[in-house]
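Colleague: Got a structure for you, written out below as C-alpha cells; questions coming shortly.
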Amino acid sequence: MGSIYLIRHGQASFGAADYDVLSPVGIRQAKVVGDHLAALGVRLDRCLAGSLQRQQDTGRLALTQLAKAGAKAPALETDNGFNEFDAEGLVRALLPALLASEPQALEVMRNAAHNRAEFQRLFALLIADWLEGGRDPAGLEGWTAFLERVQAALQRVLDRAAPADNIAIFTSGGVITGLLHLITRMPALEAFEANWQIVNTSLSVLKFRGHAVSLATFNSDAHLQLANAPQLITWR
C-alpha cells in the first residue's frame, strides 16, 4: 500500500501586499516539518507542489532539511492542479452581493489583518455562496471546476505511482479540503468547517492501492507540538 503525505504550506503573509510569501514563522514551520519527516524515517519517492510561491518554498525548505539529515529528498515537481482556489478573486466576485446584509464587509476585507475574527466569519459566508454556486460564477473557477481540477491532479499522481510509493504533496488548505470531500464523501460545507482547523504545515495522509484511496490521518501537527513553540501553531 502506498502513502501520500498532503502537507499544507507554511504560514503566508496574511494582510500584506503579497500574501503568497512565507512569513518568518512559515519558513520555520517548513523546516520543522522536513526535520519531522526525516525523524520518522519516511522514504519519499516523489515530491510535488503547486506552482504558488508559498507551496514551492515550503516544499523546497522541507526537502532541504531532509537532505541535511541524510534522507532521500527527490526533486520537487510542479503540478498546477494542486494550486489553491483564487480566494481574492472569490471575494471580489461574491462580496458585492453580501453587502446588502453585511454593509461593513468591504471595510473588514480591506483591513483583514486587523479584523481576523470578523474576516473569518465573512469569508465563511462567501465560501458557502461559492459552494452553492456550482461552476464558474462571474468568470471565477467554481467549486465544481475546482474539484475536477484537484481530482485530476490526484489521478495523475496515482497513474504514475508504484504500489508502495511514498509521495509528498505540498499544497494548500482548500486542496486538502477538496480531497477530504472527494475521498470521504463528507458534505462540502462540513469539509470547509474542517478546513478552518487545518494548521500550517500539518500532515494529512492518504493510503492508496491502485486508484483506490482512503484517508488515514487528517491535520496532524505533532511536529509543531513537539517543537514546544506555541507561535508555530497557525491557521493562516
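Colleague: So for region 76-88 (the condition being more than 23 Å from the chain's Cα centre (by Cα) and crowded, with 21+ Cβ neighbours inside 10 Å), does at least one residue qualify?
Modeller: Filtering region 76-88 for residues more than 23 Å from the chain's Cα centre (by Cα) gives none.
Scanning region 76-88, I find no residue that is more than 23 Å from the chain's Cα centre (by Cα) and crowded, with 21+ Cβ neighbours inside 10 Å, so the answer is no.
Colleague: Of everything in region 45-70, what is of a type in the set (A, V, I, L, M, F, W, C), crowded, with 19+ Cβ neighbours inside 10 Å and touching a helix residue (DSSP H, G or I) at 6+ places or on another chain (Cβ under 7 Å)? Give them in sequence order.
Modeller: The first filter runs over region 45-70 and keeps only residues of a type in the set (A, V, I, L, M, F, W, C), leaving 47-49, 52, 61-63, 66-67, 69.
Subsequent filtering for residues that are crowded, with 19+ Cβ neighbours inside 10 Å retains 47-49, 52, 61-63, 66.
Answer for region 45-70, where residues must be of a type in the set (A, V, I, L, M, F, W, C), crowded, with 19+ Cβ neighbours inside 10 Å and touching a helix residue (DSSP H, G or I) at 6+ places or on another chain (Cβ under 7 Å): C47, L48, A49, L61, A62, L63, L66.
Colleague: Restricting attention to region 195-221, which residues are modelled with pLDDT of 95 or more and either under 15 Å from G178 (Cβ atoms) or among the aliphatic types (A, V, I, L, M) (or both)?
Modeller: I198, V199, L203, S204, V205, L206, A212, V213, L215, A216, F218, N219
Colleague: Tell me yes or no: at least one residue of region 154-173 is surrounded by fewer than 14 Cβ atoms within 10 Å (Cβ to Cβ) and among the hydrophobic types (A, V, I, L, M, F, W, C).
Modeller: yes
Colleague: Filter region 26-54 down to residues that are assigned to a helix (DSSP H, G or I) and among the β-branched types (V, I, T) and give me whichever is farthest from N228 (Cα to Cα).
Modeller: The extreme case among them is I27.
Colleague: Would you please list the contacts, defined by Cβ atoms under 6 Å and residues six or more apart or on different chains, that run from a residue in region 86-104 that is over 26 Å from T171 (Cα atoms) to a residue that is of a type in the set (D, E) and outside any helix (DSSP H, G or I)?
Modeller: Within 6 Å, no pair qualifies.
Colleague: Quick one: is L66 over 26 Å from A128 (Cα atoms), in contact with a Lys or Arg (Cβ under 9 Å, 6 or more places away or on another chain), assigned to a loop (DSSP other than H, G, I, E, B) and not basic (K, R)? Give the derivation first.
Modeller: Numbers: over 26 Å from A128 (Cα atoms): yes; in contact with a Lys or Arg (Cβ under 9 Å, 6 or more places away or on another chain): yes; assigned to a loop (DSSP other than H, G, I, E, B): no; not basic (K, R): yes.
Judged against the criteria, L66 is not a match.
Colleague: Which ones in region 71-124 are in contact with a Ser or Thr (Cβ under 7 Å, 6 or more places away or on another chain) and in a loop (DSSP other than H, G, I, E, B)?
Modeller: Quick first cut of region 71-124, residues in contact with a Ser or Thr (Cβ under 7 Å, 6 or more places away or on another chain) only: 78, 80, 82-84.
Residues satisfying the conditions are N83, E84.
Colleague: Restricting attention to region 188-211, and to residues there that are in contact with a Phe, Trp or Tyr (Cβ under 9 Å, 6 or more places away or on another chain) and not in a loop (DSSP other than H, G, I, E, B), which single residue is farthest from A62 (Cα to Cα)?
Modeller: Among those residues, the one meeting the criterion is A188.
Colleague: Residue check: is T64 in contact with a strand residue (DSSP E or B) (Cβ under 6 Å, 6 or more places away or on another chain), more than 16 Å from F146 (Cα to Cα), assigned by TED's automatic domain parsing to the domain that holds L182 and among the β-branched types (V, I, T)? Outline the logic, then answer.
Modeller: Numbers: in contact with a strand residue (DSSP E or B) (Cβ under 6 Å, 6 or more places away or on another chain): no; more than 16 Å from F146 (Cα to Cα): yes; assigned by TED's automatic domain parsing to the domain that holds L182: yes; among the β-branched types (V, I, T): yes.
Criteria not met by T64.
Colleague: Sticking with this one: I'm trying to understand the selection: among the residues of region 216-236, which are out of contact with any Leu (no Cβ under 6 Å at 6 or more places or on another chain) and not in a loop (DSSP other than H, G, I, E, B)? Explain how you work it out, then say what you get.
Modeller: Let us first name the residues in region 216-236 that are out of contact with any Leu (no Cβ under 6 Å at 6 or more places or on another chain), namely 216-219, 221-223, 225-231, 234-236.
Answer for region 216-236, where residues must be out of contact with any Leu (no Cβ under 6 Å at 6 or more places or on another chain) and not in a loop (DSSP other than H, G, I, E, B): A216, T217, F218, N219, A222, H223, Q225, L226, P230, Q231.
One line per residue, one yes/no per condition, for (1) out of contact with any strand residue (DSSP E or B) (no Cβ under 6 Å at 6 or more places or on another chain); (2) under 24 Å from Q53 (Cβ atoms); (3) in contact (Cβ under 8 Å) with a residue 40 or more places away in the chain; (4) β-branched (V, I, T):
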| position | (1), (2), (3), (4) |
| --- | --- |
| A153 | yes, yes, yes, no |
| I167 | no, yes, yes, yes |
| F170 | no, yes, yes, no |
| V175 | yes, yes, yes, yes |
| G178 | yes, yes, no, no |
| R185 | yes, no, no, no |
| A191 | yes, no, no, no |
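Colleague: Continuing with the same structure: Residue by residue through region 145-165, note down the ones that are under 21 Å from D45 (Cα atoms) and among the basic types (K, R).
Modeller: R156, R160
Colleague: Further, regarding this structure: Tell me whether region 71-81 contains one or more residues that are of a type in the set (K, R) and more than 28 Å from G34 (Cα to Cα).
Modeller: Filtering region 71-81 down to residues of a type in the set (K, R) leaves 72.
Then keep just the ones that are more than 28 Å from G34 (Cα to Cα); that gives none.
No: zero hits.
The values are calculated or read from the model by the stated rules, or taken from the named source; none is laboratory data. Note that the structure is predicted; figures quoted are calculated from it, not measured. Reconstructed Cβ throughout: ideal geometry from the backbone, glycine too, with neighbour counts over all protein chains shown.
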